[in-house]
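The values are calculated or read from the model by the stated rules, or taken from the named source; none is laboratory data. As the structure is a computational prediction, the values presented were derived from the model and not from experiment. When we count neighbours, we look across all protein chains shown, and the Cβ atoms used for this are built from the backbone with ideal geometry, even at glycine. The accessibility values were calculated without ligands, DNA or RNA, using every heavy atom of the protein model including side chains. Shrake-Rupley method; radii C 1.70, N 1.55, O 1.52, S 1.80 Å.
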Amino acid sequence: MYLELIQIRKTFVNPKQDTEVVAIDRIDLQIEKGQFISIVGPSGCGKTSLLRIISGLENSYEGDVFLDGKKIQKPESEVGLVFQQYALFPWRTMCKNIEIGLEIMGMRKSERRAIAMEYIRSFGMSGFEDRYPYQLSGGMQQRVAIARTLIMNPKVVLMDEPFGSLDSQTRNDMQEFLMDLRQKRNDTILFVTHNVDESVFLSDRIVVLSKRPARILRIFEINTPHPRDRTSKVANDIRREVIEILRQERISHSPVNN
Ligand SMILES: Nc1ncnc2c1ncn2[C@@H]1O[C@H](COP(=O)(O)OP(=O)(O)O)[C@@H](O)[C@H]1O
Ligand SMILES: [Mg+2]
């Protein structure tokens, strides 16, 4: 298995009451190379915590994460991250933002610039390479953030609500952009969203999490080819089911927390 989560459990200490809060309760998940997996779940259920664990940013948790046979224990360049806040460097141009990983690796300037310019071209951003982040639209800033991550050819890309701050039209455009990209590159992507439509449009599998502590409630497989019709019967049926599971979860009583 390419990416494997085994019995992941995460607790936080609430310093005021000196009590433990269980954020993630024994999650097992197996992801094949080239799969696009969405994770949906109520806000505050533990999605970001789960991505932080996979990315190696979190060091106190139970369980194991294996990527391509190797245990993840610290941040690795093999794991790419894209967050909702673009986190671009405001003092660097588009091109210099995209190059940054290659620069840190020590690649020669002319070489890294050529690779970054190729990303800029294929991402439809030619002519903007010398602009600064504040001169770019939200959609373009997010494409820069994606290019900056993919240029390192990570083994897995973790995206945490990457389109959450975009208006709905730009969001749809970005979903289509991401799907086009994926047809060409076949990246392995773990995509957190609380937008059910988005998960149905994009994913090979949708993992539905419970409210905190996060457990897996259901996994949906979606095999329809891309580009997908957002209003097809299959899409509507899955959407309805996911929304219903999340609704039930909201109105159910909280389990005792630990
Ligand atoms: N650093 C922290 N210290 C204490 N509690 C935290 C910390 N980070 C997250 N939590 C708690 O863990 C739960 C899950 O958080 P998070 O993973 O950010 O949820 P999500 O991304 O699904 O909204 C939340 O209830 C939050 O209050
Ligand atoms: Mg989150």
Worksheet entry | Out of 141, 169, sole residue that is over 20 Å from residue 36 (Cα atoms) and free of Cβ contacts under 8 Å to residues at least 24 places away in the same chain | 169
Discussion item. Between 115, 104, which is more than 15 Å from the chain's Cα centre (by Cα), open to solvent by 30 Å² or more (accessible area, probe 1.4 Å) and without any contact (Cβ under 8 Å) to a residue 24 or more places away in the chain?
Written reply: 104
Worksheet entry | Failed condition for residue 141, given (1) assigned by TED's automatic domain parsing to the domain that holds residue 62; (2) open to solvent by less than 50 Å² (accessible area, probe 1.4 Å) | (1)
Worksheet item: Listed residues 131, 205; which is out of contact with any Ser or Thr (no Cβ under 7 Å at 6 or more places or on another chain) and among the charged types (D, E, K, R)?
Response: 205
Discussion item. Quick check on segment 51-77: of everything there that is within 16 Å of the chain's Cα centre (by Cα) and of a type in the set (Gly, Ala, Ser), which residue is surrounded by the most Cβ atoms within 10 Å (Cβ to Cβ)?
Written reply: 55
Worksheet, complete the sentence: Across (1) under 27 Å from residue 49 (Cα atoms); (2) part of a helix (DSSP H, G or I); (3) in contact with a Leu (Cβ under 8 Å, 6 or more places away or on another chain), residue 116 clears everything bar (1)
Practice prompt. Looking only at segment 224-247, decide whether some residue is basic (Lys, Arg), free of Cβ contacts under 8 Å to residues at least 40 places away in the same chain and either within 14 Å of ligand 1 (Cβ to nearest atom) or under 20 Å from residue 44 (Cβ atoms) (or both).
Written response: yes
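Yes/no matrix, rows are residues, columns are (1) open to solvent by 80 Å² or more (accessible area, probe 1.4 Å); (2) modelled with pLDDT of 95 or more; (3) basic (Lys, Arg); (4) not assigned by TED's automatic domain parsing to the domain that holds residue 166:
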position	(1), (2), (3), (4)
185	no, no, yes, no
189	no, yes, no, no
192	no, yes, no, no
204	no, yes, no, no
220	no, yes, no, no
227	yes, no, no, no
235	no, yes, no, no
240	yes, yes, yes, no
243	yes, yes, no, no
Practice prompt. Say whether the condition of being at positive phi, out of contact with any helix residue (DSSP H, G or I) (no Cβ under 8 Å at 6 or more places or on another chain) and open to solvent by 80 Å² or more (accessible area, probe 1.4 Å) is met by at least one residue in segment 32-47.
Written response: no
Worksheet item: If residue 31 satisfies every condition in (1) within 14 Å of ligand 1 (Cβ to nearest atom); (2) of a type in the set (A, V, I, L, M, F, W, C); (3) out of contact with any Gly (no Cβ under 7 Å at 6 or more places or on another chain) but one, which is the exception?
Response: (1)
Fill in: Selected residue [more than 16 Å from ligand 2 (Cβ to nearest atom) and touching a Ser or Thr at 6+ places or on another chain (Cβ under 8 Å)] from 3, 67
3
Worksheet item: Which one of these is in the same structural domain as residue 227 (by TED's automatic domain parsing) and surrounded by 18 or more Cβ atoms within 10 Å (Cβ to Cβ): 174, 94?
Response: 174
Item to complete: Being farther than 14 Å from residue 4 by Cα and more than 16 Å from ligand 2 (Cβ to nearest atom) is the filter here, so list the residues in segment 37-60 that pass it.
Response: 59, 60
Discussion item. Return the pair list, or none, for Cβ contacts closer than 6 Å from residues in segment 27-48 that are more than 22 Å from residue 248 (Cβ to Cβ) to residues that are within 12 Å of ligand 1 (Cβ to nearest atom) and open to solvent by 10 Å² or more (accessible area, probe 1.4 Å), at least 6 apart or on different chains.
Written reply: 48/160
Discussion item. Quick check on my filter: what residues within segment 5-27 are farther than 14 Å from residue 213 by Cβ and either assigned to a strand (DSSP E or B) or of a type in the set (Lys, Arg) (or both)?
Written reply: 5, 6, 13, 16
